[in-house]
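Note sheet for the following structure.
The values are calculated or read from the model by the stated rules, or taken from the named source; none is laboratory data. Model, not experiment: these values are computed from the prediction. Here Cβ is always computed from backbone atoms with ideal geometry, including for glycine, and neighbour counts include all displayed protein chains. Please note that ligands, DNA and RNA were not included when accessible areas were found on the heavy atoms of the full protein model with its side chains. Shrake-Rupley method; radii C 1.70, N 1.55, O 1.52, S 1.80 Å.
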Amino acid sequence: MAEAETQQPKAPQMRVLGQFIRDLSFENIMAQKGAPSDVQPDVQVQVNLDAKKRTADNQYETAIKLNVTSKAKDGDAVLFALEIDYVGIFDIQDVPEDQMHPFLLIECPRMIFPFLRRIVSDITRDGGFPPLNLENIDFVSLYRNEIARRQAESAEQAPPADA
């Protein structure tokens with residue numbers, strides 16, 4: 001019985017060691033140009049993820065990069081632009097090597113996203129707009145789409161099989 005217990009894989013463990021804003025830019029273009037304040041916004045959000053191993057054992061960092069642009073629905077006038085690069089530092093143990101990539105780009109962003117959401121809400125409110133409450137992001141879908149995009153890109157670059 002003791003032998004069977006020792007062969008079971010350990011459950012993955014993750015601890016958030018820290019999180020911080022690496023880069024932030026907010027431009028209230030509406031105020032700069034003197035646009036009317038009763039404009040209906042159309043908000044577009046682009047999300048990019050990045051992860052890498054740090055020099056310390058079992059430490060990794062995952063970054064969520066958001067580009068948020070708010071334009072007037074009835075025109076092309078940009079109301080505000082927000083760019084933020086938000087990073088979490090993690091201690092991760094007992095995750096198999098073949099599962100580390102999806103773990104870093106799915107589970108780690110899930111852990112820090114609520115904090116990023118709060119920062120975006122505060123920045124837009126402090127910038128003179130109603131607080132922007134970001135919807136939940138499906139990091140699994142985002143990961144799968146990126147893998148599919150990379151596979152399609154590499155298939156386009158590969159020489160034809162009959163060449």
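Below, the figures for the structure above:
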| item | result |
| --- | --- |
| Two-site label geometry, Asn133 and Gln8: point separation in nm, points 7 Å out along Cα→Cβ | 4.1 |
| Spin-label model distance (nm) - Ser154 vs Ser141, 7 Å beyond Cα toward Cβ | 2.5 |
| Under 10 Å, Cβ to Cβ, from Glu83 - net charge with Lys/Arg +1 and Asp/Glu -1 | -2 |
| Computed helical MRE - 222 nm, the chain, DSSP H runs ≥ 4 contributing -39500 (n - 2.57), nearest 500 | -10000 deg cm²/dmol |
| Net charge contributed by nearby residues that have their C-beta within less than 13 Å of Leu24 (K/R +1, D/E -1) | -4 |
| FRET E, pair Glu27, Gln93, Förster distance 45 Å, beta-carbon r, rounded to 0.05 | 0.65 |
| Sequence-distant residues sharing a close amide H with Arg54 (under 5 Å, placed H) | Gln59, Tyr60, Glu61 |
| Reachable lysines from Lys71, criterion Cα separation under 29 angstrom, eight or more residues apart if same chain | Lys33 |
| Cβ charges +1 (Lys, Arg) and -1 (Asp, Glu), total dipole of the chain, debye | 400 |
| Hz values of 3J(HN,Hα) by residue in the range 92-103 - Karplus curve (6.51, -1.76, 1.60), Gly and Pro given as x | 10, 9, 6, 9, x, 4, 6, 10, 5, 4, x, 4 |
| With every protein chain in place, the range 1-148: carbon and sulfur % of accessible area (1.4 Å) | 47 |
| Under-5 Å amide H pairs with Gln19, H placed in peptide plane, nonlocal only | Ile89 |
